[in-house]
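The values are calculated or read from the model by the stated rules, or taken from the named source; none is laboratory data. Worth saying up front: this structure is predicted, and the values here are computed from it rather than measured. Because the Cβ atoms are built from the backbone with ideal geometry, glycine has one as well, and the counts that use them run over all protein chains shown. Ligands, DNA and RNA are excluded from the accessible area calculation, which covers all protein heavy atoms including side chains. Shrake-Rupley method; radii C 1.70, N 1.55, O 1.52, S 1.80 Å.
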Amino acid sequence: MEIGVQSILLSWFCHPSLRRWLPLLAGGLLCGLATVSQAAQPAPRCGVYSNSQLGEIHVLSPDLMQRRVKDSTPELLHYQRVDGQLKVFNLDLGIGDAYTLLDDGRAIDTGMDFVYTLTRPLSCQPPMPAATSVAGQACWQDLEACGQNSIQASDKDLRDMCADRLWFACTRLFAGEPAAWLQSALAAGPLPKPLPADRLEEAAQICLKGMSGAVCKEAANVNWDAGRYLQARALLRHACAAPLADPTACLAAEGMASLTGTALAAPAPAGLPRGRFRSDTGLARDITFGDSGQVTGFAGLVMQARLEHGLIHMRHNQGGDFILRRVGEGTLIGLDMWNRLSVYEAQPDSPAH
């Protein structure tokens, strides 16, 4: 941060060890100017800032805001004022940014002239509590460096950082192996191994005790990958409710409404399904199974379905497979990276059989 000459002189003149050498009037005047200068800096007001095209920013406290892009998981941002700007750090993603305050703090420019305007003032929540762990304290000292280096952090440090409300560390703690998921998605590799049961339960508890929609979504993902479909739905329902209010979690949880323990425990029907199936989430939203395993839909893509170890595999045009599991005669659930957390229901106009 660049410091102006005026700020240096003011802090020097106001230092207790030097102020006694200044005439009382001059010292009082200069220190008064410093106080006025600090007070004049604009600050965001606690409340809802809106942009008709993008969504909302909820300023929750003197150091925390939540960005709510339409139809996306809300993101938690830590902020501080620096020379009339807001230095912002995305606590969910582990990356930094800078916003500009306008109109004496009544508007926020997030870049490229995307301006959010204060539309509804709210009471401020208390500031975030100070970190208590060594790893958390070190991370808060340099958030951007910490976010970049967290991929190399030990599980212990990630766990401590997570407890100190550095939500990107929580996700790294139980995100599994992203490279393995990419290999499976693009080269028809096997699905990555699920996390151990204790790590799955830890992920669920972090979601339930925290305030990050992104963490809850990842906790639902890893529980889904392990076949804990009802637990994943419960986590999504938690993320859907206030105060997280994640619209993507609401949509996914609603699509899972038909799943029951009885249906999931029953053996899958033999063979490939027939008919049209639809989901409101995932990449392949609308698919139709025809004769001889031919599958159509998904932006005109034609795929050939096959069974492997009781699961439906469909090779897409990127080299990997969409992978579905049958649950009863009329339900499919998505298992691959593109269609995780998706439930497909047979459509009345083309019944499955």
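Between Asp109 and Glu254, the C-beta separation translates, for a Förster distance of 45 Å, into a calculated FRET efficiency of about 0.80.
For the stretch 47-121, the equivalent ellipsoid built from the Cα gyration tensor has semi-axes of 16, 16, 12 Å, listed from largest to smallest.
Taking 8 Å as the Cα distance limit and 6 or more residues as the minimum spacing, I'd like the relative contact order of the chain as a percentage. Don't skip to the answer; put the middle values down first.
Details: 651 pairs, mean separation 38.3, N = 353.
Contact order relative to length: 11 percent.
Between Ala284, Ala203, Ala263, the Gaussian network model of the chain with springs among Cα atoms under 10 angstrom shows the greatest mean-square fluctuation at Ala263. Over the stretch 262-346, accessible surface divided per residue gives 44 Å², non-protein components excluded, 1.4 Å probe. May I ask you to work out the translational diffusion coefficient for the chain at 37 °C, viscosity 0.692 mPa s, via Stokes-Einstein with Rh from the Kirkwood sum over Cα pairs, reported in whole µm²/s? The calculation lands on 140 µm²/s. Accessible area per residue for the stretch 47-121 is 46 Å², calculated with a 1.4 Å probe on protein heavy atoms, without ligands, DNA or RNA. With a ≥ b ≥ c taken as the square roots of the eigenvalues of the C-alpha gyration tensor of the stretch 152-260, please select rounded if a/c is under 1.5 and otherwise prolate if a/b is larger than b/c or oblate if it is not? Here the stretch 152-260 falls in the oblate category. Restricting the stretch 278-314 to trypsin sites (Lys or Arg not before Pro) that sit in a DSSP loop and have at most 16 other Cβ atoms within 10 Å of their own Cβ leaves Arg285.
Once the Kirkwood radius over Cα pairs is known for the stretch 262-346, the Stokes-Einstein relation at 25 °C and 0.890 mPa s delivers a diffusion coefficient of 194 µm²/s. Label-to-label distance for Arg45 and Thr117 is 1.3 nm, based on points extended 7 Å past Cα in the beta-carbon direction.
So for the stretch 250-333, averaging the separation of alpha carbon pairs under 8 Å that are six or more residues apart and normalising by length, what relative contact order in percent results? Before the final figure, lay out each step's value.
On the way: 120 pairs, mean separation 19.1, N = 84.
So the answer I get is 23 percent.
Its relative contact order, with pairs defined as Cα atoms under 8 Å and 6+ residues apart, puts the stretch 152-260 at 18 percent.
Taking only protein heavy atoms and a 1.4 Å probe, the accessible area of the chain is 57% carbon and sulfur.
Averaged per residue, the stretch 185-255 has 43 square angstrom of accessible surface, using a 1.4 angstrom probe with ligands and nucleic acids left out. Each of Ile151 and Asp71 was given a label point 7 Å from its Cα along the Cα-to-Cβ line. The distance between the two points is 3.0 nm. Only DSSP H runs of four or more residues enter the estimate; each adds -39500 (n - 2.57), and after division by the residues of the chain the mean residue ellipticity at 222 nm equals -10000 deg cm²/dmol.
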